[in-house]
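**Student:** Once you've had a glance at the structure underneath, I'll fire off some questions.
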Amino acid sequence: ERRAGVVVVARKVIVAGLREMVVTDQRLQASLEVVIDIGKLAQAAAANKNEGTGLRCEIFEVLLHVGIGRAESAKMHEEADLDGADDEMRRAMAEASISQSSAQLAKTESQLLTEMFIVYLRILRQRHLHERGAVVPVLAGITRWGQQINLELLIEIIDELRLVVEESIKLMDGLVALQGLQCAFVLLSGPAQALVTDSSWLAESMKGALGLALPAMHSAHSQSSQWPPSDCFTWDGQLAASREALERRMQAESVPSLVIRCLRAAMTCPQAYNRASDAALAELVEQLFHLALSADSYTGVAMLLEGALLLRKYHQLHVLLEEDGGLFGLGG
């Protein structure tokens, strides 16, 4: 037991160190090395296939702090610094610069994204080797940066997402199913939508995932073991809620929040409900009303609002309502 406690503490220290390193990594070279090493660990786990050799979620949570976007920021700073400078001054500034140029940074960032998504795809395909929670930050990373990678890799990831979502629904894992769906909706809102022809599974999977979300509607912070988060308190115990910390926890630990994000992503995805039948849309709104009935007051109002917005957007659904405006005539 004591040894297990030491391992837990050591793991936390290592993860905190890695997080600090990638957050402060201005050149992205160290981040690239971290991702490559994680890929090697994933390969070793696949070759070993012994219980307990899989990767844990903390290592993938570190990747969510990687500084993707620094190349664009560096380019903007370069343009601002050189604005109005003559040729001699430009040469002097270039010679004096000790920071990496935006072009070099963009190249490193592109390599980093490619390596990250190769790792993400490997974890999705080998998800049975790793702890269940490892898939959650992987899906978060794909959702955040997926539209920046090449289409060939993106199509492979979308194909794997379908398997992840459908398997999660069979295993009654609503959290992973909803996150996988949100990820698919976001990716299919970009360039990949023109290359993916079969999207019929999205609406049906959404129906199954929302059904699994029902038990988690009791609280807006349904998956959190501690609320408010510990980092929302000062050293003397006074509440000093950080909006960023609260939003970060809500994104990671709130099924109701995930339902709303997933729904909004679905409404902006041409391949989701734009091609669905009126009956499928009506069933979606009806499910939102059912979720609202079983939810606490805050969550319930949010679900009712989303349902009302859908009714406002899709006027054809009004004919499916009964005269009192409260129930659908779908035979259920």
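The values are calculated or read from the model by the stated rules, or taken from the named source; none is laboratory data. Values in this document were obtained by computation on a predicted structure and should not be read as measured data. Don't worry about glycine lacking a Cβ; one is built from the backbone with ideal geometry, like all the others, and counts go over all protein chains shown.
**Student:** With (1) out of contact with any Gly (no Cβ under 9 Å at 6 or more places or on another chain); (2) modelled with pLDDT of 90 or more as the list, and residue 79 as the residue in question, which single condition is left unmet?
**Tutor:** Looking at each condition in turn, residue 79 falls short on (2).
**Student:** Assess whether residue 195 counts as being within 21 Å of residue 137 (Cα to Cα), modelled with pLDDT of 70 or more and surrounded by fewer than 20 Cβ atoms within 10 Å (Cβ to Cβ).
**Tutor:** No.
**Student:** When the residues of segment 89-112 are narrowed to those that are buried (at least 17 other Cβ atoms within 10 Å of the Cβ) and out of contact with any helix residue (DSSP H, G or I) (no Cβ under 6 Å at 6 or more places or on another chain), which ends up modelled with the highest pLDDT?
**Tutor:** 108
**Student:** Looking at this structure, is residue 66 modelled with pLDDT of 90 or more and assigned to a loop (DSSP other than H, G, I, E, B)? Lay out the reasoning, then the answer.
**Tutor:** Working: modelled with pLDDT of 90 or more: yes; assigned to a loop (DSSP other than H, G, I, E, B): yes.
It is true that residue 66 is modelled with pLDDT of 90 or more and assigned to a loop (DSSP other than H, G, I, E, B).
**Student:** Hey, does segment 288-311 have a residue that's small (Gly, Ala, Ser), at pLDDT below 85 and outside any helix (DSSP H, G or I)?
**Tutor:** No, the conditions are met nowhere in segment 288-311.
**Student:** Still on this model: Restrict the check to segment 275-285 and report whether at least one residue is surrounded by fewer than 20 Cβ atoms within 10 Å (Cβ to Cβ) and free of Cβ contacts under 8 Å to residues at least 12 places away in the same chain.
**Tutor:** yes
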